Amino acid sequence: MPDRPPDPTVCIVGAGPAGLLLALLLGRRGHRVTVLERSPRIDLARQAGAPVLQPVTLRILERLGLLERVRAGAGEIHGGDVYVRGRREAAYEYADLPGVSVPFALTVPVSTLRGALLEALGEVPGAEVRTGVSVEGLTGGPGRYRELVVRGAEGTEVLRPEFVVGCDGKFSAVRELAEIPTRVLAYEKGYLDFVVPAPPGWPPRITMHFGDFYLLSMPYPGDRLIVVWISSEKRVEAAMGAPFARLAAELSRTAAPLAPLFPPQVAGLAWEDVPHRHVRHHMVRPERWLDGNVLLIGDSAHAMHAFGGQGLNTSLQDAVWAADGIEGALRERSTRRLREHLRTRVPFVESFQLSQRTALAPGRQGGAEPHGVPLPDFMPMVMGQPELRSLWEGTPQETAR
């Protein structure tokens with residue numbers, strides 16, 4: 001008998017949704033996969049915030065048999081309305097969009113998504129999640145095959161996987177240890193989200209308001225709504241330092257359709273009674289996403305602002321093309337397919353990051369065509385990158401597997 005268990009084929013660093021999804025995809029294809037998580041346990045307690053998962057991402061979960069499990073703990077969105085400087089300029093229904101496979105979006109707490117992925121991963125032979133394990137080093141130099149040095153409760157060990165995948169966030173230890181030059185830039189626009197009760201009969205829709213600020217409301221689990229406000233950091237900090245009623249009054253005035261969200265019993269709440277988050281976002285731009293046998297995906301490769309709601313969506317979609325590319329590399333003994341995916345993926349993601357920086361530039365009042373407000377390109381956000389859409393949609397064989 002061997003002295004130690006065999007090394008995994010793929011080591012994934014970070015047990016966030018993207019890392020767990022990649023492990024599930026590879027594990028179901030028969031590969032030995034180990035997910036390494038620095039925290040001593042994976043916290044599945046619900047916290048404030050619930051990213052919106054667009055139909056393209058929900059299609060991925062549907063193929064894996066996880067959609068209904070996630071849907072049960074989510075807020076459902078059937079359509080949306082776009083307002084520019086107080087005037088409604090567009091409306092859409094997900095069911096009417098051409099080529100859409102799942103006719104709705106969901107606001108999903110990250111804990112709900114992680115729980116569903118962990119449960120599914122627990123049923124896959126050869127897949128494991130190890131908590132309380134930190135990455136201490138990568139052997140070898142840039143562009144070479146790397147072994148992984150990790151430290152856990154039983155001490156230090158060396159793992160020798162075929163691939164090391166960094167899914168460990170915008171300040172990625174894997175990226176740093178791989179010595180991949182990276183720009184990490186903080187956005188200067190402030191971000192605040194908070195949760196309020198949904199008024200009776202409130203429709204299951206997103207409302208987007210563009211002006212000298214960005215305001216978004218959408219369904220949240222439990223008959224509530226989550227409101228996202230992006231403005232100057234100075235305005236956000238001032239709002240946090242004043243009574244909640246002052247912000248409620250300002251938003252009711254500048255975005256009149258949302259005024260019903262702030263009746264006196266809500267507007268009169270103290271901040272400590274309103275679930276909220278004040279978040280600082282960063283843009284991450286590594287010089288490369290693939291270095292030897294080290295691959296970066298998700299926030300490790302391209303952290304972005306919440307504007308446009310694409311951070312989690314792009315990360316989960318990354319897991320799909322990464323699984324396809326790693327599968328090809330293991331079968332062909334070549335990274336050809338991975339490099340082909342990257343040639344397509346990197347420019348697309350970086351162009352979206354650039355559009356965010358342009359829209360959120362300090363002092364920008366919006367400049368719209370024809371209203372002076374830069375509106376994001378909607379269809380790629382809902383349907384995913386067109387060039388890789390076949391991967392998101394999958395095939396009957398992949399769905400069955």
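Using a probe radius of 1.4 Å on heavy atoms only, what accessible surface per residue do you get for the chain? Whole Å² is fine.
Per-residue value: 43 Å².
Multiply the residue gap between MET379 and ASP96 by 0.36 nm, knock off their C-alpha separation, and tell me the result in nm, one decimal place.
Gain in length upon complete extension: 100.7 nm.
Name the residue from TYR187, ALA153, PHE171 whose Cα lies farthest towards the positive end of the charge dipole of segment 153-231, charges +1 on Cβ of Lys and Arg and -1 on Cβ of Asp and Glu.
Toward the positive end, the furthest listed residue is TYR187.
Enumerate the amide H contacts of GLY79 below 5 Å, restricted to partners 5 or more residues apart or on another chain; note that Pro and chain-start residues carry no placed amide H.
Amide H to amide H, under 5 Å and 5 or more residues apart or across chains, GLY79 pairs with TYR94, ILE206.
Please state the charge dipole magnitude for segment 1-120, taken about the Cα centre, from unit charges on C-beta atoms (+1 on K and R, -1 on D and E), reported in debye and rounded to the nearest 20.
200 debye
Dipole size in debye (nearest 20) for the chain around its Cα centre, Lys and Arg Cβ +1, Asp and Glu Cβ -1?
Using Cβ point charges on Lys, Arg, Asp and Glu, the chain gives about 380 debye.
Fully extended, how many nm does the chain gain between SER334 and GLU387 (0.36 nm per residue separation, minus their Cα-Cα distance)?
Gain in length upon complete extension: 16.9 nm.
For the chain, with all protein chains present and a 1.4 Å probe, just round the carbon and sulfur fraction of the accessible area to a whole percent.
52 percent
What value, in deg cm²/dmol to 500, does the helix sum -39500 (n - 2.57) over DSSP H runs of n ≥ 4 give at 222 nm once divided by the residues of the chain?
-9500 deg cm²/dmol
Quote to one decimal, in nm, the extra length available between GLU350 and ASP7 on full extension: 0.36 nm per residue of separation minus the C-alpha distance between them.
120.0 nm
For segment 12-106, run through the trypsin sites (Lys or Arg not before Pro) and keep only the ones in DSSP coil with at most 14 other Cβ atoms within 10 Å of their Cβ.
ARG41
At a Förster distance of 35 Å, what's the computed FRET efficiency of THR358 paired with SER39, Cβ-Cβ distance as r, to 0.05?
Once rounded, the FRET efficiency stands at 0.45.
Work out the charge dipole of the chain with +1 on the Cβ of Lys and Arg and -1 on the Cβ of Asp and Glu about the Cα centre, then indicate which of PRO125, LEU25, ALA303 is farthest towards its positive end.
In the chain, that residue is ALA303.
Explain nothing, just the number: dipole magnitude of segment 116-227 about its Cα centre with +1 on each Lys and Arg Cβ and -1 on each Asp and Glu Cβ, in debye rounded to the nearest 20.
320 debye
Work out the charge dipole of segment 220-336 with +1 on the Cβ of Lys and Arg and -1 on the Cβ of Asp and Glu about the Cα centre, then indicate which of ALA238, TRP271, SER334 is farthest towards its positive end.
Farthest towards the positive pole: ALA238.
The values are calculated or read from the model by the stated rules, or taken from the named source; none is laboratory data. From a predicted model like this one, the values you see are computed outputs, not experimental measurements. Cβ atoms come from the backbone with ideal geometry, glycine included; neighbour counts cover every protein chain shown. Protein only, heavy atoms only, side chains kept; ligands, DNA and RNA dropped before computing areas. Shrake-Rupley method; radii C 1.70, N 1.55, O 1.52, S 1.80 Å.
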